[in-house]
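Engineer: Supplied in structure tokens, the structure appears directly below.
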Amino acid sequence: MQCGLPMARIEFLNADMIRACNAFSSLDLKETPTLFLEFIGSPANVEEQALLAEELCTGNGGENFTWATEHSERERLWRARHNCWYAIKATRPGAHAYSTDVVVPMSHLPEILLFCDQLAGKMGVPAPVVGHVGDGNFHCFLLSNQDIDSETNLIRDFSRDLALKAQSLGGTCTGEHGIGLGKRELLIKEIGPGAYETMKVLKKAVDPLFIMNPEKVIALEQLIS
């Protein structure tokens, strides 16, 4: 991106995710952290961009750079990314799947991805990751049996610790999925009490009966206190 390549998509899959996608989609990708890139422009421009990207990747220790312009081959290369959610669920049929959601400045992306791996190792869970890393956003997919409290609590703790790490790096506890019920306390930490009080005032003005997504983002007891 620093070289000005006009990329349409930059997606990242870690080794755990690639492994699941290989099994689910009958692929033979090397089970290593992998970037998926999509370029835009005329055929000549796309070729020029792909060759430059290959040079940059190789120069930074990357390998097995493969690119294609034919529709069928492009679809084959992107199949792993498109089927990530289903591939992970297939590794434990019947389990509940949960997706974390954090964003960090791109300069801190390697650090938090390493932290995610270390956190997973500490908690004893696989941590397949898919990231829309052009803006520093990524998700870790976790599986659990919701009838087992220890598994549910582990996912909650994993998501909280990952979000706190993202905040400590100047990022945010949610990039796409929102605050909802589970990240209300993290929101206060992220924006501060002053901004949070302003949100409460706006909520009361727009939704005085508290009927729009009740309890989401701001707890009801905080609105009526």
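Engineer: List pairs: first in the range 79-105 and under 14 Å from residue 130 (Cβ atoms) and of a type in the set (Phe, Trp, Tyr), second open to solvent by 40 Å² or more (accessible area, probe 1.4 Å) and outside any strand (DSSP E or B), Cβ under 8 Å, 6+ apart or cross-chain?
Structural biologist: 86/24
Engineer: Free of Cβ contacts under 8 Å to residues at least 40 places away in the same chain and hydrophobic (A, V, I, L, M, F, W, C): which single residue out of 223, 162 fits that description?
Structural biologist: Among 223, 162, only 223 is free of Cβ contacts under 8 Å to residues at least 40 places away in the same chain and hydrophobic (A, V, I, L, M, F, W, C).
Engineer: Condition first: in a helix (DSSP H, G or I) and of a type in the set (Val, Ile, Thr). Now tell me which residues in the range 37-72 satisfy that.
Structural biologist: 46, 58
Engineer: Quick check: anything in the range 190-202 of a type in the set (Val, Ile, Thr), under 30 Å from residue 10 (Cβ atoms) and surrounded by 13 or more Cβ atoms within 10 Å (Cβ to Cβ)?
Structural biologist: yes
Engineer: Now for a separate question. Quick check: is even one residue across the range 73-89 among the hydroxyl-bearing types (Ser, Thr, Tyr), within 20 Å of residue 138 (Cβ to Cβ) and assigned to a helix (DSSP H, G or I)?
Structural biologist: Yes - at least one qualifying residue is present in the range 73-89.
Engineer: What tally of residues in the range 1-39 results from selecting those that are without any contact (Cβ under 8 Å) to a residue 40 or more places away in the chain and loosely packed, with under 12 Cβ neighbours inside 10 Å?
Structural biologist: Summing the residues that are without any contact (Cβ under 8 Å) to a residue 40 or more places away in the chain and loosely packed, with under 12 Cβ neighbours inside 10 Å in the range 1-39 gives 6.
Table: residues versus (1) open to solvent by less than 70 Å² (accessible area, probe 1.4 Å); (2) farther than 22 Å from residue 88 by Cβ; (3) at pLDDT 95 or above.
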| site | (1), (2), (3) |
| --- | --- |
| 157 | yes, no, yes |
| 175 | yes, no, no |
| 207 | yes, yes, no |
| 223 | yes, yes, no |
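The values are calculated or read from the model by the stated rules, or taken from the named source; none is laboratory data. Bear in mind the structure is a predicted one, so any value in this text is a computation, not a measurement. Methodologically, a virtual Cβ is constructed for each residue, glycine included, from the backbone with ideal geometry; neighbour enumeration extends over all protein chains shown. Protein only, heavy atoms only, side chains kept; ligands, DNA and RNA dropped before computing areas. Shrake-Rupley method; radii C 1.70, N 1.55, O 1.52, S 1.80 Å.
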